[in-house]
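This report refers to the structure that appears directly beneath it.
The values are calculated or read from the model by the stated rules, or taken from the named source; none is laboratory data. Everything numeric in this text was worked out from a predicted model, so none of it was measured. Cβ placement follows ideal geometry from the backbone for every residue including glycine, while neighbour counts extend to all protein chains displayed.
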Amino acid sequence: MSSIKLTNRQILTYTAGMAGWSVLINVVSIMLIYIYLPPDNVGLNTLIPAYVYLGIFSVLALIAAGGRLFDAVTDPLIAWMSDRSGNKRGRRVPFMRVGWAPAAIMCVAVFIPPSPSGSTINIIWLLVTLTLFYLFITIYFIPYNALMPELAPSGRDKIKLSTWLSLAYVIGMIIAAQAPLLASWFENLLKLEHRLRSFQFAIGLISIIAGILMFLPSVGIDESKCCQGEPARINFMKSLGQTLSNYNFRLFLFADFSYFLAIAIIASGMLYYLKVLLGLKEAMGSSVLGLMILVSLLFYPLVLHISKSIQKKFMVSFALVFLGVIFIGIFYLGKLPFSPKLQIYFFALLASLPVAILGIIPYAIIAEIAQLDGLKTGFRKEGMYFAIRNFFYKLGMTAGIMIFTIMTLWGKDPGDDLGIRLNGLVGFVFCVIAGLTFLLFRERSIQAEIKELEGGTDPGMETKNQGTGSAQETRADRNDI
């Protein structure tokens, strides 16, 4: 473990990468369906044929599903390669230097289809560019995330860095949410005749900003000074098996998956909520998401204060259930007895509290899980833990996009909007189930074992540690209820 404390400058340099990654991920989440399968009243052509398979699966849904099958192989493989790397520049930074530029380029390419109207060639283009985008974003982001447990060795350090990472994520989301506003600006400034072209200019500018942000930590973080992790000399299948066998980690994955599924439904649906359910301008999406995120920042001090006295699992469970209840409101947007603007802004204000909690706490939780695993087994597998977490993140985002596109088969246009409304009920079910399930997470046993093993027990003595851990877990679990 590193004994060198990060400076504020290094913290800002590191978190810049999170902001850049967030920009790319969120601009794809917000704009993909809207560009390729737009509603009727926005001046955009449908770019892919409206094929439907087995009655419910659209082309976009199947492309997204295929991409996650690809990720199921590449995510843990890249993590394993990073964990084992003996590169003199470190285990993580060399991968980040490879991934940042291609990821930004492929983000732009996703939105430049070869045909201006619905065509099979656009399906092939989207499949290839989206797959390459997620590949390069994975090459960058998994090693990037794996740096965190070493950069923030103590529990309080993890909460502090998690807060900065959460702030960076929401800044990235705010930047990504400006795409419709920037598109309108480019359309007026350059006198563009085609609405699609204005969105392409906007996404291009946003992707350049994201690339610069992702570049900063790849040159600004010196692993030889900040980190002391040794290469994990463990074969791929054993590393993957040990990680997936972790009970607490599996509970974390389900909660994390459900949260990002919900976020994807909100992000994919925001422009539809505005244009179809409420009859507002799409440019308002920037101010709505911006309000939600900015208000969530006001809750950060409260979240940090509460985390000192309340178990993190209770905070996560509360946030998920509360977010689920908020989702019910989507079903009634446009039907409530007050103005459309007030409805959408009230929705954003309510969502800001769970967004604040779920933006900070999960990073600290997974860092502790990975830290304990390294102490118990003697193998530092941060990359594998964050890779699987990253896969479930993408799985949740993809599931949200798939669910939204499938639901649009039941209506996505003004006067025929049932499909958009049904997404709110789906989000409610997933969030509430995940929130209740996460109450089974054994937080105190994890913290007790970390404290015991760092107090002098040899982490290489795997058998002894497991026996001690079981006894400690039994004692601590009584306090987890």
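Can you say whether residue 391 is surrounded by 19 or more Cβ atoms within 10 Å (Cβ to Cβ), over 14 Å from residue 266 (Cα atoms) and of a type in the set (Phe, Trp, Tyr), as far as the supplied structure shows?
Details: surrounded by 19 or more Cβ atoms within 10 Å (Cβ to Cβ): yes; over 14 Å from residue 266 (Cα atoms): yes; of a type in the set (Phe, Trp, Tyr): yes.
Yes.
When you go through (1) assigned to a loop (DSSP other than H, G, I, E, B); (2) touching a Cys at 6+ places or on another chain (Cβ under 8 Å) one by one for residue 113, which number turns out not to apply?
Among (1) assigned to a loop (DSSP other than H, G, I, E, B); (2) touching a Cys at 6+ places or on another chain (Cβ under 8 Å), the lone unmet condition for residue 113 is (2).
Specify the residue that is modelled with the highest pLDDT; the eligible residues are those in the stretch 141-179 that are among the polar types (S, T, N, Q) and closer than 30 Å to residue 66 by Cα.
178
Somewhere in the stretch 167-181, is a residue within 18 Å of the chain's Cα centre (by Cα) and of a type in the set (Ser, Thr, Tyr)?
The answer is yes, given that some residue of the stretch 167-181 is within 18 Å of the chain's Cα centre (by Cα) and of a type in the set (Ser, Thr, Tyr).
Residues that are more than 17 Å from the chain's Cα centre (by Cα) and modelled with pLDDT of 85 or more: list the helices (runs of 4 or more DSSP H) wholly contained in the stretch 222-324 that include at least 3 such residues.
By residue number, 247-272, 284-298, 300-307.
Can you confirm whether the stretch 356-366 contains a residue that is among the hydrophobic types (A, V, I, L, M, F, W, C) and either surrounded by fewer than 20 Cβ atoms within 10 Å (Cβ to Cβ) or farther than 30 Å from residue 384 by Cβ (or both)?
no
Do any residues in the stretch 7-28 that are closer than 18 Å to residue 268 by Cα have Cβ atoms under 8 Å from those of residues that are of a type in the set (Gly, Ala, Ser) and not in a helix (DSSP H, G or I), where the two are at least six apart or on different chains, and which pairs are they?
Once the first residue is closer than 18 Å to residue 268 by Cα and sits in the stretch 7-28, its partners that are of a type in the set (Gly, Ala, Ser) and not in a helix (DSSP H, G or I) give 26/177.
Among 131, 138, which is modelled with pLDDT of 85 or more and surrounded by fewer than 20 Cβ atoms within 10 Å (Cβ to Cβ)?
131
Pick from 450, 481: which is surrounded by 15 or more Cβ atoms within 10 Å (Cβ to Cβ) and either among the β-branched types (Val, Ile, Thr) or modelled with pLDDT under 90 (or both)?
Working: 481 fails: surrounded by 15 or more Cβ atoms within 10 Å (Cβ to Cβ).
Just a single option satisfies the conditions, and that option is 450.
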